[in-house]
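Everything on this sheet refers to the single structure shown next.
The values are calculated or read from the model by the stated rules, or taken from the named source; none is laboratory data. Here the structure is a predicted model, which means the values were calculated and not measured. Positions of Cβ are backbone-derived with ideal geometry, glycine not excepted, and every protein chain shown enters the neighbour counts.
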Amino acid sequence: MPGLRDKLEKIFQSEYADAQVREEGVGFGSSFFVLITKEFEGMDETERQDAVWKLIREDLDFDETKQVGFVLTMTPEEEEAYAE
């Protein structure tokens, strides 16, 4: 049975072919994820979060959705700068 990270990656790749998803941690009963795609270039954080949470709400059931605490959205260039 696929884990939550795998489910999210499949969901996000249906919209963003180059999507990469990492699970960064768990706290207070929910997990924190990083979603990286070049499709976020030119989008502000509100646009990104609206798009991401729309996909989550459409494709995960209620209990799975509650397990997603936060999704940090980045372009590949932002990830690279963040890692430095």
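Some points to look at:
- Scanning region 20-39 for residues that are among the hydrophobic types (A, V, I, L, M, F, W, C) and more than 13 Å from Val71 (Cα to Cα) yields a single hit, Phe28.
- Residue-level analysis places Phe40 among those that are under 17 Å from Thr75 (Cβ atoms) and surrounded by 13 or more Cβ atoms within 10 Å (Cβ to Cβ).
- Pick from region 10-29, criterion of a type in the set (Asp, Glu) and modelled with pLDDT of 95 or more, ranking: nearest to Arg57 (Cα to Cα): Glu15
- Only a single item in (1) assigned to a strand (DSSP E or B); (2) within 12 Å of the chain's Cα centre (by Cα) is not met by Gly25, and it is number (2).
- The residues on offer are Glu47, Glu84, Glu80, Glu58, and the sole one that is over 20 Å from Lys7 (Cβ atoms) and surrounded by fewer than 11 Cβ atoms within 10 Å (Cβ to Cβ) is Glu84.
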